[in-house]
């Protein structure tokens, strides 16, 4: 079964997952990894990467490695959580709403970076059949949106939209946004920001490198 949207009331749309077996990404990962492989080693040396896997599920997130995190969802903290497939490891960023801990349409996360960067990449992991263009990265001077189709589909049906923003002007804050219209729920994983000078290719290489460490898991769910 697949992840589904839920209401912010905290009433989950299904019961908790049962035991799982480890699987890799269902499609698209290996060709992409090969294309980025030659860039990855250089990119990692000077990049900020956050994959949330060094934190226990339930950890409240306000700052990681000098990057500040906040959201536009009042009354609910940002947390490290798990339970669905994701792009790397088993943990990711969600919202502590007492339900399935996923973001909903219109939710946004603001990142405050410790040093100026010119490129930022993020993986948005969403429910199946999410429309194209609903996710974005926005800085004071620029916005980019997710593609028309997902970059990856994981074993539980989750769709991965990889978004990279590259700006001629360095920035220290960025909003990770979602459209307010539509029926979907999502989580965030694998945030990558290279030092100025490496730009988009390096940011993408770091993000794709994280996908190379993915252990997507097929889970069985009870309704």
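Coordinate-derived values only; no laboratory data. Keep in mind that this is a model prediction, so the values were computed, not measured. Here Cβ is always computed from backbone atoms with ideal geometry, including for glycine, and neighbour counts include all displayed protein chains.
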Projected label distance in nm at residue 144 and residue 168, using a 7 Å step from Cα toward the beta-carbon: 1.6 nm
Kirkwood-based shape ratio for segment 47-119, expressed as Rg/Rh from alpha carbons: 0.95
Likely footprinting exposure, 188, 60, fewest C-beta neighbours within 10 Å first: 60, 188
Stretch gain in nm, segment residue 72-residue 108, where the contour uses 0.36 nm per residue and the Cα spacing is subtracted: 12.4 nm
